[in-house]
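Inspection log for the structure reproduced underneath, given as structure tokens.
The values are calculated or read from the model by the stated rules, or taken from the named source; none is laboratory data. The model shown is predicted, which means the values in this text are computed figures rather than measured ones. Cβ placement follows ideal geometry from the backbone for every residue including glycine, while neighbour counts extend to all protein chains displayed.
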Amino acid sequence: MKIAKLQRQWVLLNTLVILPWVSCQRLDAHRSSHRNTEFPAVRPRRAISFRNDDTRRAAGLFGDYDSAEVDYNPSPSRGRFGYNRDFYFDYSRDLPTTTRRSLSLVRERPRSNEAAGGEEFSYREKDKNGPSNWDKIAPQCGGKYQSPIMLNTSSALFVRNKRPLQLIGQTNLPQSIRLQNDGHSAKFTYVWRNGERPYIRGGPLKTKYYFEQFHFHWGANSSVGSEHVLDFHRYPMELHLLFYNALYSSFEEARSEVDGLAVVGLFYELYEVNDEPLNTWTRFLQEIITPESEFTIQFIDTFPLYDLIGDVEWPYFSYEGSLTTPPCLETVTWIVSAKPLLITPREIREFRKIRTRNGPMVNNYRPIQKLYNRRVYRY
Ligand SMILES: [Zn+2]
């Protein structure tokens, strides 16, 4: 009897000791996933239908900083443990948003993308398909991880231990460049020989991301045009370079995956000192003035990404967001430079000559979206 009682006490004691230890282990596992700079070569198979708020919200569990400085690698939702929904599902917080309605909406097949264009959406607020109604075209446009947003130097979390951001192949020349007026922007898609496609790595990115295309957003006049707003200032133009995660075989495949895309955004500031051309590639824009037209820039006239943006050495902001046109997929790690590029008035006028079926292609920028539960990092 006495021995049996002792055994019971031993078992009870063990349980009391082991239980808290197990939960600590989980805690550490989660924390270490934040610091793990080498993303494990596990290909996350998460379709867009799973990109509800749970994993991203879980990222906030260990993110209550009082200080404006952090020294770990952000993008916590991308950690290995972030993919286990059972592990992080917080019924009290997540159930209300995971309603049947929102799930069925999210599962709906995306109808368009920023690259393909052609979707019936408008940038004019008075139109019935204007920005405030984009969620009726694509439900994700009403999500809580939308772009663009306000970027504020004073409230961003400063990252101290940063890995350098690198653009590999920035001087590579493509075979040709396909320039398109896609109804919403002027888009440059490069055609590469095998192995020459540039890629970006480092900074907030855990893997390498291949370059796909770039395009622009601009205003009817120079007081507006950029999508992001930096320290309450809207620039006359913003460049977006789209990259897709090398874990996936194409941009189209990657764009609906949780870690599928990285977009590098750069502002343009007007350079009015003299009329010396700064961006000679703007001469091609006259070839796509007609709505839905396209033009091929032959090899002899192609230019490397370096000619567009120079060295990738600027300070930047990073946050988790979306494509800024329907279907507004929330699969983008944004990297927005804090240092603007320069453009002359004559060059920006070339953009304003481009036309859509409904008039000049101008003010093709989406209004600022709410930040909700996100953090913006400053590198
Ligand atoms: Zn864009």
Could you tell me which of the residues Val229, Val273 is out of contact with any Phe, Trp or Tyr (no Cβ under 8 Å at 6 or more places or on another chain) and within 15 Å of the ligand (Cβ to nearest atom)?
Val229
How many residues does segment 183-202 hold that are away from the ligand (no atom under 16 Å from the Cβ) and touching a helix residue (DSSP H, G or I) at 6+ places or on another chain (Cβ under 9 Å)?
2
Can you tell me which of (1) of a type in the set (Val, Ile, Thr); (2) more than 19 Å from Tyr377 (Cβ to Cβ); (3) away from the ligand (no atom under 16 Å from the Cβ) is the one Val312 doesn't meet?
(2)
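Can Thr333 be described as under 20 Å from Glu212 (Cβ atoms), within 16 Å of the ligand (Cβ to nearest atom), out of contact with any helix residue (DSSP H, G or I) (no Cβ under 6 Å at 6 or more places or on another chain) and at pLDDT 95 or above?
So Thr333 passes the test.
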Matching option when the condition is within 15 Å of the ligand (Cβ to nearest atom), over 19 Å from the mean Cα position of the chain (by Cα) and of a type outside the set (D, E, K, R), among Phe351, Phe303
Phe351
Going through segment 259-282 one residue at a time, which ones are assigned to a loop (DSSP other than H, G, I, E, B) and crowded, with 22+ Cβ neighbours inside 10 Å?
Asp259, Gly260
Can you pull out the residues in segment 311-322 that are within 22 Å of Leu342 (Cα to Cα) and in contact with a strand residue (DSSP E or B) (Cβ under 8 Å, 6 or more places away or on another chain)?
Val312, Trp314, Pro315, Tyr316, Phe317, Ser318
Residue ID - nearest to the chain's Cα centre (by Cα), chosen from residues in segment 158-188 that are assigned to a strand (DSSP E or B), surrounded by 18 or more Cβ atoms within 10 Å (Cβ to Cβ) and among the aliphatic types (A, V, I, L, M)
Leu167
Any residue in segment 203-217 that is free of Cβ contacts under 8 Å to residues at least 60 places away in the same chain and away from the ligand (no atom under 16 Å from the Cβ) sitting within a Cβ distance under 6 Å of a residue that is in a strand (DSSP E or B) and basic (Lys, Arg)? List the pairs, counting only those 6 or more apart or interchain.
Lys208/Arg201
Residue check, Val264 within 16 Å of the ligand (Cβ to nearest atom) and touching a strand residue (DSSP E or B) at 6+ places or on another chain (Cβ under 8 Å):
yes
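How many residues does segment 268-316 contain that are of a type in the set (A, V, I, L, M, F, W, C) and more than 23 Å from Arg201 (Cβ to Cβ)?
Adding up the residues that qualify gives 12.
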Restricting to segment 198-245, and then to whatever is of a type in the set (Lys, Arg) and part of a strand (DSSP E or B), can you tell me which residue is surrounded by the most Cβ atoms within 10 Å (Cβ to Cβ)?
Lys206
